Amino acid sequence: MKFYKNLYIGETIKKPNKIKRKIKHHARQLRVFVIVLAAGDDQLEICHSMILGQPYYQKKENAPYIIGIAGSYEEAVALVCRITGEAYAQNGNADLKSYLFPKI
């Protein structure tokens, strides 16, 4: 499981390092949603943090790349909107993957 170097954190998240540690160790957190990089053509996905505790995500080849952490689904949607706005302002399009990971 990897975390984005400039991890997006929701306003209701008070101790992000503690939450990151709990996510890595698959501890149950009822009020935490994560924004992950989509595997296919989609750009980002929002899922509940407890989904990451499933055996599928514990395999190294299926480990998610976490872009953001939020305290509710609505807050996660707001973070995705913020990322999209930043991408559009910088690049003039909504290609989030190229915004988050520019080719150097």
For every other residue with a beta carbon closer than 13 angstrom to the beta carbon of Tyr57, add +1 if it is Lys or Arg and -1 if Asp or Glu, then tell me the sum. +2
Ignoring ligands and nucleic acids, Tyr88 exposes an accessible area, probe 1.4 Å, in Å² to the nearest 10, of 140
For the stretch 26-104: relative contact order, % (alpha-carbon pairs under 8 angstrom, 6 or more apart): 30
Mind pulling the angle between the C-alpha long axis of helix 73-91 and the longest principal axis of the chain? Nearest 10 degrees, somewhere in 0 to 90. 30
Using only C-alpha positions, report the orientation-averaged shadow area of the convex hull of the stretch 51-104, nm², one decimal. 4.9
Summarise the accessible area of the chain (1.4 Å probe, protein heavy atoms) by the percent that is carbon and sulfur. 51
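Rounded, prolate or oblate: which fits the stretch 22-69, taking a ≥ b ≥ c as square roots of the Cα gyration tensor eigenvalues, rounded meaning a/c under 1.5, else prolate when a/b beats b/c?
Taking the square roots of the gyration eigenvalues as a ≥ b ≥ c, the stretch 22-69 is oblate.
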The chain, accessible area per residue, ligands and nucleic acids excluded (1.4 Å, Å²): 66
For the chain, what is the largest minus smallest coordinate of the Cα atoms on each principal axis, given in angstrom and ordered from greatest to least? 39, 31, 21
Measure of exposure for Lys18: accessible area at 1.4 Å probe, Å² rounded to 10, is 90
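The values are calculated or read from the model by the stated rules, or taken from the named source; none is laboratory data. Everything quoted here is computed from the prediction, not taken from an experiment. As a convention, Cβ positions derive from the backbone with ideal geometry for all residues, glycine included, and neighbour counts pool all protein chains shown. Calculation scope for accessible area: heavy atoms of the full protein, side chains included, ligands and nucleic acids excluded. Shrake-Rupley method; radii C 1.70, N 1.55, O 1.52, S 1.80 Å.
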